[in-house]
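Report on one structure; see the data block that follows.
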Amino acid sequence: MRYGDPDQKKIYVVPALGGSERHVYTTSLVHWDQCNQMSWSPDGKSLIFSENLDNNAKARLTILSLSDSTARPLTFPANQQLDCDPVFSPDGGRVAFARGPMGAFLSDLFVLKVADGQLLRLTTGNSGGDAAWTQDGKEIVFASPARGYRGLWRISASGGTAQPVAGPADADEPSISRRESHLAYHVGNTWDTVWRLDLKDERHALAPPVRLLSGRGVIWKPSYSPDGKKIAFESDRMGCINIWMCDSDGSNCSQLTDVHGNAATPRFSPNGRYLAFEAVTQDYWQAGVLELPDGTPHMLKTFSDANNGAPSWSRDGKWIYFYSGHDPGGYQLWKMPFNGGPPVRVTTQRGVHGIESMDGRILFYSKYGEAGIWKRSLETGEESRLPIDTCCWFTWDVTRDGIYFENLDFPPNGRIEFFDFAHGQSTPILTLDKPASLYGGVAVSPDGKSLIFGLSEVNESYIDVMKNFR
């Protein structure tokens with residue numbers, strides 16, 4: 001597979017013993033890394049892979065005949081469902097794959113009969129993942145976060161109760177040898193941290209950044225409280241990803257949610273009494289609210305048949321913005337009254353994460369799978385793109401005079417820049433000496449004197465082999 005155009009992938013074949021390559025198929029790129037893998041049929045005559053549909057709204061499995069380069073769809077997912085990581089059974093008659101809102105990362109395990117399209121669901125609650133067939137084709141070994149840490153499980157290919165496979169935590173991507181009873185798998189070691197950069201003014205740092213939050217696993221998407229005394233963030237330091245809060249100096253951390261799944265993207269209300277967040281425990285992401293300091297989280301009544309997440313508050317605290325896949329096609333931004341009422345659609349050309357301007361007149365927002373930041377007048381509805389070329393969908397924050405964002409394309413590790421509303425230009429603030437954390441986020445303190453951001457300090461991985469696997 002070769003990537004050329006940002007939205008395309010091209011498939012080539014080449015003889016195993018050497019020779020000229022041959023282009024066999026061009027298709028759309030799925031903007032989720034786990035969805036761009038292929039699987040050979042046992043007889044070597046076919047390939048199966050994921051294809052992007054409806055502008056990143058979903059991804060299906062397609063099978064390609066290498067004899068005549070004809071392709072036909074195998075699966076027909078619903079809106080905002082991604083079918084990924086297909087693996088042929090030893091006899092080539094079935095395919096195991098992951099279906100979910102985040103590809104193989106958050107998904108359930110399915111088995112498809114190639115001949116007639118009959119579909120069997122093996123797991124629920126986003127407890128499936130990348131898979132491997134046992135040699136006899138009777139069982140499937142797969143990665144799952146069922147116990148908090150992503151580990152290996154096994155289940156009958158005809159359905160049943162999954163059982164854990166002895167091995168380390170954070171194991172995934174299993175592979176079983178065809179002739180000998182060996183199980184190989186990948187083990188990752190991630191350490192993403194949050195750093196604070198004190199500012200002399202909007203365009204200049206006062207001093208080098210200092211590490212603020214660290215620990216095992218990931219620490220992502222920090223958010224300052226309105227008084228600047230607290231920071232909320234998501235972390236998997238205790239297993240599953242949940243919402244945590246600490247003092248602004250990184251001390252006195254406490255866990256606020258206990259979701260057996262994922263709780264993410266916390267955002268303080270303007271009065272500091274509530275945290276909005278997103279969580280997924282079953283098939284879809286949902287937006288929720290937690291009253292501080294120790295209230296019980298409750299989910300908002302958005303749409304039950306779609307992903308709804310990345311909540312943020314209006315400046316007056318009366319509305320909560322969120323993305324939803326309720327309508328066909330890509331994500332759109334919606335808002336709903338905090339005190340109750342039906343959701344109201346905001347964007348027309350897609351949107352996934354929004355932040356209001358300080359005066360509440362403009363909504364700045366990003367789009368899923370597309371770099372950049374847009375703005376929409378909340379008075380006239382006029383939409384336009386800002387001249388910001390690169391930015392992940394949540395690695396930015398708004399001030400009165402501009403936007404701080406991570407330029408992930410600046411070599412080698414990225415840099416933080418400030419986009420000035422008055423002049424329409426970006427100024428470099430800090431060149432990163434370590435890789436930017438892709439999901440780390442950026443947040444500016446309420447007084448504008450510091451900003452916090454994520455770095456990926458450790459990202460190690462290795463392959464382990466379990467011999468005599470039975």
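The values are calculated or read from the model by the stated rules, or taken from the named source; none is laboratory data. Model, not experiment: these values are computed from the prediction. No Cβ is skipped: glycine too gets one built from the backbone with ideal geometry, and neighbour counts run over all protein chains shown.
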For the range 376-404, which residues satisfy the criterion of being free of Cβ contacts under 8 Å to residues at least 24 places away in the same chain and either basic (Lys, Arg) or assigned to a strand (DSSP E or B) (or both)? SER377, SER384, ARG385
Name the one entry in PRO226, PRO222 that is within 23 Å of THR399 (Cα to Cα), in a loop (DSSP other than H, G, I, E, B) and of a type outside the set (S, T, N, Q). PRO226
Restricting to the range 348-364, name every residue that is farther than 16 Å from GLY441 by Cα and either modelled with pLDDT under 95 or under 17 Å from the mean Cα position of the chain (by Cα) (or both). THR348, GLN349, ARG350, GLY351
Within the set of pairs 6 or more residues apart or between chains, which connect a residue that is more than 15 Å from ALA132 (Cβ to Cβ) inside the range 76-93 to a residue that is surrounded by fewer than 16 Cβ atoms within 10 Å (Cβ to Cβ) and among the hydrophobic types (A, V, I, L, M, F, W, C) with Cβ atoms less than 7 Å apart? GLY93/ALA115
Inter-residue pairs, beta-carbon under 8 Å, first more than 18 Å from MET336 (Cβ to Cβ) and in the range 348-375, second among the β-branched types (Val, Ile, Thr) and assigned to a loop (DSSP other than H, G, I, E, B), 6+ apart: MET358/THR399; SER366/VAL352; LYS367/VAL352; TYR368/VAL352; ALA371/THR390; GLY372/ILE388; GLY372/THR390; ILE373/ILE388
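Conditions (1) part of a loop (DSSP other than H, G, I, E, B); (2) basic (Lys, Arg); (3) in contact with a His (Cβ under 8 Å, 6 or more places away or on another chain); (4) surrounded by fewer than 16 Cβ atoms within 10 Å (Cβ to Cβ), marked per residue:
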residue: TYR12; (1), (2), (3), (4): no, no, yes, yes
residue: PRO15; (1), (2), (3), (4): yes, no, no, yes
residue: GLY19; (1), (2), (3), (4): yes, no, no, yes
residue: THR27; (1), (2), (3), (4): no, no, no, no
residue: GLN37; (1), (2), (3), (4): yes, no, no, no
residue: PRO42; (1), (2), (3), (4): yes, no, no, yes
residue: LEU47; (1), (2), (3), (4): no, no, no, no
residue: SER50; (1), (2), (3), (4): no, no, no, no
Residues of the range 118-135 being over 16 Å from SER41 (Cα atoms) and part of a loop (DSSP other than H, G, I, E, B), in sequence order, are GLN118, LEU122, THR123, THR124, GLY125, ASN126, SER127, GLY129, ASP130
Checked against (1) farther than 27 Å from GLU291 by Cα; (2) over 20 Å from the mean Cα position of the chain (by Cα), TRP191 satisfies every condition except (2)
Report those strands (runs of 3 or more DSSP E) wholly inside the range 405-470 carrying at least 3 residues which are closer than 20 Å to SER214 by Cα and not basic (Lys, Arg). 442-444, 450-466
Could you list, in sequence order, all residues of the range 401-440 that are touching a Cys at 6+ places or on another chain (Cβ under 7 Å) and either buried (at least 19 other Cβ atoms within 10 Å of the Cβ) or modelled with pLDDT of 95 or more (or both)? PHE405, GLU406
Residue check for LYS367: assigned by TED's automatic domain parsing to the domain that holds ALA264, under 25 Å from the mean Cα position of the chain (by Cα), basic (Lys, Arg) and at pLDDT below 95: yes
Mind listing just one residue for me: the one in the range 167-184 that is surrounded by 14 or more Cβ atoms within 10 Å (Cβ to Cβ), of a type outside the set (A, V, I, L, M) and closer than 20 Å to ARG216 by Cβ and, of those, modelled with the lowest pLDDT? GLY167
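Is at least one residue of the range 149-160 closer than 18 Å to TYR462 by Cβ and assigned to a loop (DSSP other than H, G, I, E, B)?
no
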From ASP249, ASP283, grab the single residue that is in a loop (DSSP other than H, G, I, E, B) and touching a Gly at 6+ places or on another chain (Cβ under 8 Å). ASP283
For LEU61, indicate whether it is out of contact with any helix residue (DSSP H, G or I) (no Cβ under 9 Å at 6 or more places or on another chain), farther than 23 Å from ALA264 by Cβ and surrounded by fewer than 21 Cβ atoms within 10 Å (Cβ to Cβ). no
Out of ASP108, ASP130, ASP85, sole residue that is crowded, with 18+ Cβ neighbours inside 10 Å, touching a Gly at 6+ places or on another chain (Cβ under 6 Å), farther than 30 Å from SER450 by Cα and not polar (S, T, N, Q): ASP108
By residue number, the members of the range 151-180 that are over 28 Å from the mean Cα position of the chain (by Cα) and more than 25 Å from LEU119 (Cβ to Cβ) are SER177, ARG178, ARG179, GLU180
Go through the range 441-470 and report how many residues are surrounded by 12 or more Cβ atoms within 10 Å (Cβ to Cβ) and of a type in the set (Asp, Glu). 2
Give the number of residues within the range 135-156 that are in contact (Cβ under 8 Å) with a residue 40 or more places away in the chain and either over 16 Å from ASP85 (Cα atoms) or surrounded by fewer than 19 Cβ atoms within 10 Å (Cβ to Cβ) (or both). 8
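Can you tell me which residue within the range 317-339, out of those that are under 24 Å from the mean Cα position of the chain (by Cα), of a type outside the set (A, V, I, L, M) and assigned to a strand (DSSP E or B), is nearest to PRO77 (Cα to Cα)?
Checked the range 317-339; the qualifying residue nearest to PRO77 (Cα to Cα) is SER324.
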